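Take a look at the structure below.
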Amino acid sequence: MSEAQQVFGTETADLEGRTLSNTELLRALLRKPQFVLCTVLVLTFFVMAAVPKLFTRVDPRFCELGKTQHGREPGHPFGFDIQGCDYFANVIYGARPSVLVSLVAGVGGFVVAGILGLLAGYFPGAVDTLISRVADVLFALPGLIALIVILNSVPNRSIWIIVAIILVTGWPQGMRVMRSTVFSVRNREYVLAARSVGVPPLRILRKHVFPNAMAPLLAMTTLGIGGLVGLEAVLTFLGVGLQPPSISWGSQFGVAAAYRDTPHLFIWPALFISTMTISFMIIGDSIRDALDPKLMR
């Protein structure tokens with residue numbers, strides 16, 4: 001066996017030990033009450049978005065004008081909206097756009113930033129320069145204002161269009177995090193040994209570089225999903241997000257702003273958005289703390 005193969009075999013064993021360590025970290029996370037509670041809440045929101053009929057049998061678009069803006073009644077715990085529709089059903093059905101936009105944009109951003117960061121960090125030179133310069137251009141755009149301008153120019157805004165535009169404008173930050181981590185991984189012994197025995201670059205990236213460089217991006221993405229929940233609501237509230245007849249928490253905010261004398265129109269979607277956002281942030285904090293090497297000692 002060559003020296004390179006001996007080094008490569010040693011690092012493979014080390015990687016297997018790291019896999020066992022990750023299992024221990026997962027057990028440590030599950031011992032944190034706040035992590036378990038927030039995970040249960042997030043999963044509840046996911047189920048709510050996927051199967052809203054598990055939570056309410058009322059049609060959110062069935063309205064009785066005689067009950068316009070009424071408060072809670074038996075069978076209607078959240079009261080009624082400005083058209084006399086059951087507000088509990090509207091809030092339940094409004095979870096789907098927020099969950100879809102935040103989850104798909106978050107996971108999609110993780111994939112796009114992860115791939116581009118891998119390529120930029122592992123192939124310094126032309127590839128790194130091209131990806132980094134495109135990222136610099138997108139970084140120069142003024143964030144929320146850019147999203148508002150772009151979405152305002154799109155006539156028919158569906159969930160998938162909103163997700164696509166968030167992905168196009170939002171990947172550079174994650175890419176930079178991934179790129180900097182790959183720089184520190186690409187010259188480790190097990191990567192050098194894999195190159196020396198002729199392992200193809202794509203296999204090295206998939207098997208050795210990505211698993212050992214993804215932790216900071218994973219923590220950042222989990223934290224960011226919470227922000228995406230609020231971003232979808234803000235865009236819809238400003239009139240550049242989802243369009244009627246779509247039901248979302250952001251559209252409910254827009255209606256509530258015009259009817260300040262009916263506080264329940266604001267309180268319930270605000271409570272759901274805040275709960276989901278804080279839950280994702282606590283999960284992200286827990287993952288970040290668990291993956292912090294200083295805390296693993």
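Data table
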| read-out | value |
| --- | --- |
| Qualifying residue in segment 165-185 (condition: open to solvent by 60 Å² or more (accessible area, probe 1.4 Å), in a helix (DSSP H, G or I) and small (G, A, S)) | yes |
| Leading residue by the ranking (most open to solvent (accessible area, probe 1.4 Å)) among those in segment 99-145 that are at pLDDT 90 or above and polar (S, T, N, Q) | T129 |
| Odd one out for L43 among (1) part of a helix (DSSP H, G or I); (2) surrounded by 12 or more Cβ atoms within 10 Å (Cβ to Cβ) | (2) |
| Any hit, segment 214-225, residues being touching a Leu at 6+ places or on another chain (Cβ under 6 Å) and open to solvent by 20 Å² or more (accessible area, probe 1.4 Å) | yes |
| Condition check for R206: touching a residue at least 24 places away in the same chain (Cβ under 8 Å) and among the charged types (D, E, K, R) | no |
| Candidate set: segment 51-76, residues that are without any contact (Cβ under 8 Å) to a residue 40 or more places away in the chain and outside any loop (DSSP other than H, G, I, E, B); chosen: the one farthest from the chain's Cα centre (by Cα) | G66 |
| Any hit, segment 79-87, residues being in contact (Cβ under 8 Å) with a residue 60 or more places away in the chain, within 18 Å of M48 (Cβ to Cβ) and open to solvent by less than 60 Å² (accessible area, probe 1.4 Å) | yes |
| Pair list, Cβ under 7 Å, 6 or more apart: segment 262-282 residue in a helix (DSSP H, G or I), other residue among the charged types (D, E, K, R) | L265/D81 |
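Yes/no per residue for (1) under 30 Å from T169 (Cα atoms); (2) surrounded by 14 or more Cβ atoms within 10 Å (Cβ to Cβ); (3) among the acidic types (D, E); (4) at pLDDT 85 or above:
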| site | (1), (2), (3), (4) |
| --- | --- |
| C38 | yes, yes, no, yes |
| P52 | no, yes, no, yes |
| T56 | no, yes, no, yes |
| Q69 | no, yes, no, no |
| H76 | no, yes, no, yes |
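Residue by residue, here is whether (1) at pLDDT 90 or above; (2) open to solvent by less than 50 Å² (accessible area, probe 1.4 Å); (3) within 24 Å of G230 (Cβ to Cβ) holds:
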residue	(1), (2), (3)
M48	yes, yes, yes
E64	no, no, no
V149	no, no, yes
V154	no, yes, yes
I159	no, yes, yes
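The values are calculated or read from the model by the stated rules, or taken from the named source; none is laboratory data. Please read these numbers as outputs of a predicted model, since none were measured by experiment. All Cβ positions, even for glycine, are placed from backbone atoms using ideal geometry, and neighbour counts span all protein chains on display. Keep in mind that these areas ignore ligands, DNA and RNA; they rest on the heavy atoms of the full protein, side chains included. Shrake-Rupley method; radii C 1.70, N 1.55, O 1.52, S 1.80 Å.
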